Structure formats: C-alpha cells, structure tokens
1. List the residue pairs whose Cβ atoms are under 9 Å apart, where the first residue sits in region 83-102 and is touching a residue at least 24 places away in the same chain (Cβ under 8 Å) and more than 14 Å from Ser116 (Cα to Cα), the second is buried (at least 16 other Cβ atoms within 10 Å of the Cβ) and among the acidic types (Asp, Glu), and the two are 6 or more positions apart or on different chains.
2. Out of the residues in region 131-144 that are more than 20 Å from the chain's Cα centre (by Cα) and at pLDDT 95 or above, state the one that is nearest to Thr52 (Cα to Cα).
3. For region 100-110, check the following and say yes or no: at least one residue is within 16 Å of the ligand (Cβ to nearest atom) and either in contact with a His (Cβ under 9 Å, 6 or more places away or on another chain) or assigned by TED's automatic domain parsing to the domain that holds Asp56 (or both).
4. Cβ-Cβ below 7 Å, separation at least six or inter-chain, first residue in region 112-132 and within 16 Å of Ala81 (Cβ to Cβ), second within 15 Å of the ligand (Cβ to nearest atom) and not basic (Lys, Arg): which pairs?
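The values are calculated or read from the model by the stated rules, or taken from the named source; none is laboratory data. Fair warning: this is a prediction, and the values are worked out from it, not measured in the lab. Note that we place each Cβ from the backbone using ideal geometry, even for glycine, and neighbour counts take in every protein chain shown.
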Amino acid sequence: MTTLPRTARPRATVMLIAVVVAVVILAVVLLSSRGGTPTNVLTGRTAGYRVTVSVDDPRVGTTALTVTATDGHGAPARLSAVTITPIMPTMGHATGVVTATAAGPGRYRATGVELSMAGQWELDVGLRAASGTEQVVLALPVTG
Ligand SMILES: [Cu+2]
C-alpha cells in the first residue's frame, strides 16, 4: 500500500482551500459591517424630483446633511430653496426649520439640523422652484 504519498498532497490542498475560504469569509464579514446600505442615506421622490438625503451623523445632537435632487429627466434640480424640518411624529414635536445652501448642481447642504433625542424621526424636505414647492417626508432612525 502506498497510502502515505497519496494522502500528503490532498491534505495540503484541503488546508489551502480552508485558508482561502476563511480569508474570503473574513473579507465578506469586514466589508458588510463597513459597507452595506447605510441607514443615514434616505431616498424618496416627489411629483417632480428624486431626492436623496445623506445625513452626516444620525445620532442625538446636531448634524449636517446633504440633499441631492434630480428632475424628471435625471438632471440636477434647479431649486431656489431647500428646507429641512426634523419631526418626531409619534411624540408630536419638531425642531427648527433649517434652510440648506446650494453646494453644486442639484446639491444642497444644511448644517445645524437638530435631532434632540433618540428614536424615529422624519425629515420633512421642502423643494422650492419657480414652478412651485414640493415636499417629501423621509424616515430617519436616530440612535443615542
Ligand atoms: Cu421625541
């Protein structure tokens, strides 16, 4: 019987495969914990716009955020004003309206957005243009 020479090579191959599988699993775990769909990127649409709001820091306190809006053709929206009102509908309170400033084509930046407690918030986003004002409400979970 020549069992020893035959088993030596398959065992090394099995070890190599096990190491590769372990590395792949580790990489997937690391990537999914960092990437994935972040809860601070909110999307919605109005009659005329697609809206994305990226909240810098969705935790209790004051945060900045970026509103991106495109029109029905996918072109950057031309808005004369963008406002954000944080609301906590289940508790019947809101914090102050913040007016965003233009930060590029279809991009608007707001600072000083107040999220005064943990829980389920909504951002009421107002989009004003020459054609009228449209509104979208986006859910924002806020952690402590
Ligand atoms: Cu509250």
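1. Once the first residue is touching a residue at least 24 places away in the same chain (Cβ under 8 Å) and more than 14 Å from Ser116 (Cα to Cα) and sits in region 83-102, its partners that are buried (at least 16 other Cβ atoms within 10 Å of the Cβ) and among the acidic types (Asp, Glu) give Thr83/Asp124; Ile84/Asp124.
2. Here is the first cut: in region 131-144, the residues more than 20 Å from the chain's Cα centre (by Cα) are 131-134.
Narrowing the set further to residues that are at pLDDT 95 or above leaves 132-134.
Numbers: Gly132: 19, Thr133: 17, Glu134: 14 Å.
Looking at the filtered set, the residue picked out is Glu134.
3. If we filter region 100-110 for residues that are within 16 Å of the ligand (Cβ to nearest atom), which is where we start, we get none.
Within region 100-110, not a single residue is within 16 Å of the ligand (Cβ to nearest atom) and either in contact with a His (Cβ under 9 Å, 6 or more places away or on another chain) or assigned by TED's automatic domain parsing to the domain that holds Asp56 (or both).
4. Val113/Pro86; Leu123/Pro86; Leu123/Leu140; Asp124/Thr85; Asp124/Ile87
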